[in-house]
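The values are calculated or read from the model by the stated rules, or taken from the named source; none is laboratory data. Here the structure is a predicted model, which is why all the values come from computation and not from measurement. FYI the Cβ positions are ideal-geometry reconstructions off the backbone, even for glycines, and counts take in every protein chain you see. The protein model used for the area step is the full one, side chains on, heavy atoms only, and it has no ligands, DNA or RNA in it. Shrake-Rupley method; radii C 1.70, N 1.55, O 1.52, S 1.80 Å.
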Amino acid sequence: MNHPTPQEPPLQSATPKRTSFLMRGLVQAFALFALLTSAAASPGQQTDRMKQVWEGIYNRMTHQSDQWYEDGDFPRCIQNLKMMHQLFPDDYEAATNLGWMLENVHEWDAALSVYVDFRKHNSKSPDAAWPEANYHYMKKNFAKVPAILEPTLAATPAPHPNTYRTLAHSYEKLGRFKDAARVWEALLKITPDDEAAKVNLKKMRDRIGSDG
């Protein structure tokens, strides 16, 4: 799902609950089919078939969310994304699509709750903290960003470069230029050809020098 400029929500649909029942029925049907077709299969075949079933469920629900979004039916889209997030709590796209849609209809607290839960549920993922931090950054709550993102810098593998960018820019907004420079240096160790990072690092070093 692409994330264009947020829009005002359309009139509320009268049938989001009915939609959730239909999607639950779809999931149950897929699961029942998997059980029936894998009963006589070997353990390896059962695993492969269940994986295919869950991939089918994920792809079908993603397609349906996209369709409802394109139709402007935000209530059904959000209802479906909530179910996807419940079924696939480790999935980055499921969490961020839901959070973004909730922001799109100005349900700010609900969106933040999705991001916080995703970070806590996936504490070993180096990228799970970024959606929550980015939410605060976009709200100009820069002071909340470091505590969320700093712990991820020690992760292996390293987090996405956006983690470093968001953290460094937050430090700059807070006037913590040495910390900003440190984060840009860390980013350049993993992406040495990042020209924007080089420019920002020089900017922070100049600020540190001018501040004496």
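Restricting the search to region 49-95, which residues are open to solvent by 70 Å² or more (accessible area, probe 1.4 Å), of a type in the set (D, E, K, R) and in a helix (DSSP H, G or I)?
Matches in region 49-95: ARG49, LYS51, GLU55, ARG60, GLU70, LYS82, GLU93.
Across region 194-212, what is the total count of residues that are among the basic types (Lys, Arg) and either exposed (fewer than 14 other Cβ atoms within 10 Å of the Cβ) or under 25 Å from PRO131 (Cα atoms) (or both)?
Final tally of qualifying residues: 2.
Name the single residue that is nearest to the chain's Cα centre (by Cα) among those in region 44-68 being modelled with pLDDT of 90 or more and more than 17 Å from LEU87 (Cα to Cα).
ASP66
Six or more apart or on different chains, Cβ atoms under 7 Å: show the pairs whose first residue is in region 78-104 and closer than 19 Å to TRP130 by Cβ and without any contact (Cβ under 8 Å) to a residue 40 or more places away in the chain and whose second is open to solvent by 40 Å² or more (accessible area, probe 1.4 Å) and acidic (Asp, Glu).
Filtered contacts from region 78-104: TYR92/ASP127.
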